[in-house]
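Nothing in this text is a laboratory measurement; each read-out follows from the coordinates by a stated rule. Please read all numbers here as calculations on a predicted model, not as lab measurements. Because the Cβ atoms are built from the backbone with ideal geometry, glycine has one as well, and the counts that use them run over all protein chains shown.
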Amino acid sequence: MTIRGANLGKVYHKPDSWHNTLYADTEKGYTIRMDLYYFCVFAVFAFGFGCCIASFLNVCIWWLPRDESVVRPPSHCPKCNAPIRWYQNIPVLSWLALRGRCANCHEPISVRYTVVELLGGFLFLLAYFQWAPAFFLGQRPPIGLLPIACMWAVPVYWLVFSGLILGSFIDLEHFYLPDRVTIGGMLLGVPLSFGVPELQGETERLTALYWSLGGLAAGFFGLWALSWLATKVFKKEAMGFGDVKLLGAIGAFFGPAAVLFTVVVSSFIGALAGGVLILRGKAKLGGLTAVPYGPFLALGTVTWMFWGPRIVNWYLHMHVFTL
């Protein structure tokens, strides 16, 4: 499939003579420069928008586990309760300008807020890079990213990233995944897959709907069965039910193949994290140490969204098969 550039179907007029030092004299050169301009403008927008959404997610990460409103009272310092002015709440920049301290009490502001904002910005930007290079420049996405042909898949990816960030950081601190993320994901994944079938790697809506329902069932019931079996073996709850619901949501958005891939990759990353904890003396070999699994599922999902099918094809090719 060839994705047409943004310049097709549009008429570009040559700029005035005093612009000739900035733009190429030819119609083609001018069009290429304009496409590059729009590509860069929307790239800046994607990064900034991601940082802003992540800034709001920081509010949710703090207030939702405490069962308090994210609207009222307005943003304030959790240590001295001083209100945070709008110019002190600009993502990333305000933290740098304040040198990581509250403007009123001068107590340190956790770097986590900035990490979340930058993470949101970069994830939104990478999703944009999956679609925009082909549309604006006729080029493939950078760093081996999977190309996205449908523009509407990009905001869906942004929605998924937002949910994964929110759930992961709450899980890291409070060891639970909010239903707003897990059940909400299961409820939204099915209709969005029908509306944007490329999420399931399909072009037909009904086929995408079937894969979405199959992925939801595979993720939810598959991980539930694994959790039940592990609980019987270890005589202790091995996995929270929030993880089961989260994998169901992942399946609803991306299908059964994404479920299997996410489980394998998240288990591998979790094993590496467990090894690091053992080496640092924070866990014992053969012991049971509580570790939130939600962030590992999130990492597996993000890997699938950016590179998953290519990794699967590479793996199968290494074993003389082709997908």
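Using each residue's phi in segment 193-201, evaluate 6.51 cos²θ - 1.76 cosθ + 1.60 at θ = phi - 60° and report the 3J(HN,Hα) Karplus result to the nearest Hz, with x for Gly and Pro.
For segment 193-201, the Karplus curve yields 5, 5, x, 10, x, 4, 4, 9, x Hz.
So who's got an amide H within less than 5 Å of the one on His76, skipping anything under 5 residues away but keeping other chains? H placed 1.01 Å off N, in plane.
Sorted by chain and number, the residues that satisfy this are Ile84.
So, counting K/R as plus one and D/E as minus one, what does the shell of residues with Cβ under 14 Å around Met186 add up to? It would help to have the intermediate numbers written out before the result.
On the way: positive: Arg180, Lys245; negative: Asp179, Asp243.
Summing Lys/Arg as +1 and Asp/Glu as -1 gives 0.
Using only the alpha carbon atoms of segment 54-119, find the Kirkwood hydrodynamic radius as the inverse mean reciprocal pair distance, in angstroms to one decimal.
After inverting the pairwise mean of 1/r, the radius is 12.1 Å.
Step through the residues of segment 296-309 one at a time and calculate ³J(HN,Hα) from phi using the Karplus curve (6.51 cos²θ - 1.76 cosθ + 1.60, θ = phi - 60°), rounding each to whole Hz and writing x for Gly and Pro.
6, 4, 5, 5, x, 5, 4, 4, 4, 5, 8, 9, x, x
Dipole magnitude of segment 78-160 about its Cα centre, charges +1 at Lys/Arg Cβ and -1 at Asp/Glu Cβ only, in debye to the nearest 20?
Dipole of segment 78-160, to the nearest 20 debye: 200 debye.
Can you compute the charge dipole magnitude of segment 158-323 about its Cα centre, using +1 on each Lys and Arg Cβ and -1 on each Asp and Glu Cβ, nothing else charged? Give it in debye, rounded to the nearest 20.
Magnitude of the dipole: close to 560 debye.
Taking H as built 1.01 Å from N, whose amide H comes closer than 5 Å to the amide H of Gly138, not counting residues under 5 places away?
Answer set, sorted by chain and number: none.
With only alpha-carbon atoms in the gyration tensor, what are the semi-axes of the equivalent ellipsoid for segment 110-253, in Å, largest first?
29, 21, 12
Please pull out the direction-averaged projected area of segment 158-323, using the convex hull of its alpha-carbon atoms, in nm² to one decimal place.
Projected area, direction-averaged: 10.4 nm².
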